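Read the structure below first, then the notes.
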Amino acid sequence: MEKIADAITEWMIEKHIMCREDKKIYITGICQFISIILDFLGIVLIGIVSDELVRIIFFSILFMYLQRYAGSYHAKTRIGCYCGSMGIVIVNSVCFRYGTFPIVILMGLLIISVISINILAPVENCRKRLDNLERKVYGRKTHVISALYVIVYMCLLICGDRYYSQIIVQVLCSGVCVQGMGKIALLQFTTYN
């Protein structure tokens, strides 16, 4: 991906669209843009193949928004991150298709997940630690987001929508899983370094 971004950046420099001094910034931005496009295409492809496109997009938007502030596991490579992300989407698409859980179980999972997310948040990346202010801000945003998800869950349940209310619970459960993986990775990193 970096080679493609470098080639695009070189082309932009040759065409005088940008200056050479900003090359590293543009490469980083182009890599990020390519990554977002690939994530989107993977999500859409999985949605089409599983015939769950709308629910997968709904899940992915909520999951990414939660993950942004709550934190999660950070793979060492972009391909590892991509495979992990698509794995989460695939597992949840299977749950959409085959797993309808009783409300009592969903409520239990919701409560456990919200409490766990708010205790674990924010999960730091071992390569970029958070300062105290960032921890406070991300923690507060995670509390607000998880509270909003609970409200949306309750509204959907009251309206009789079991499918989308279950997606909210799956988002929260998936969030706890990647947060737990992130905490374990951070613990291993700090133990061995």
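The values are calculated or read from the model by the stated rules, or taken from the named source; none is laboratory data. Treat the numbers as computed from the prediction; the structure is a model and nothing was measured. These area figures cover heavy atoms from the full protein model, side chains too; ligands, DNA and RNA do not enter into them. Shrake-Rupley method; radii C 1.70, N 1.55, O 1.52, S 1.80 Å.
Some notes on this structure:
- Whole-percent carbon and sulfur share, accessible surface of the stretch 1-160, 1.4 Å: 70 percent
- Largest to smallest principal axis extent of the C-alpha atoms in the stretch 105-158, angstrom: 41, 18, 14
- For the stretch 157-167, backbone phi angles converted through the Karplus equation (6.51, -1.76, 1.60; θ = phi - 60°) give residue-by-residue couplings of 5, 4, 6, x, 8, 7, 5, 6, 5, 5, 4 Hz, Gly and Pro being listed as x.
- Accessible area per residue for the stretch 53-193 is 58 Å², calculated with a 1.4 Å probe on protein heavy atoms, without ligands, DNA or RNA.
- Potential extension, T191-W11 segment - 0.36 nm per residue separation minus Cα distance: 60.4 nm
- Heavy-atom accessible area, probed at 1.4 angstrom with all protein chains present, ranks C31, C95 as C95, C31, highest first.
- The value for the stretch 8-104 of Rg(Cα) / (2.2 N^0.38 Å) is 1.41.
- Protein heavy-atom accessible surface, 1.4 Å probe, per residue over the stretch 1-47: 71 Å².
- Estimated vicinal HN-Hα couplings, Hz - the stretch 173-178 in sequence order (Karplus 6.51, -1.76, 1.60; Gly, Pro = x): 5, 5, x, 4, 4, 6
- 20 °C / 1.002 mPa s Stokes-Einstein diffusion coefficient of the chain, Kirkwood radius on C-alpha pairs, µm²/s: 117 µm²/s
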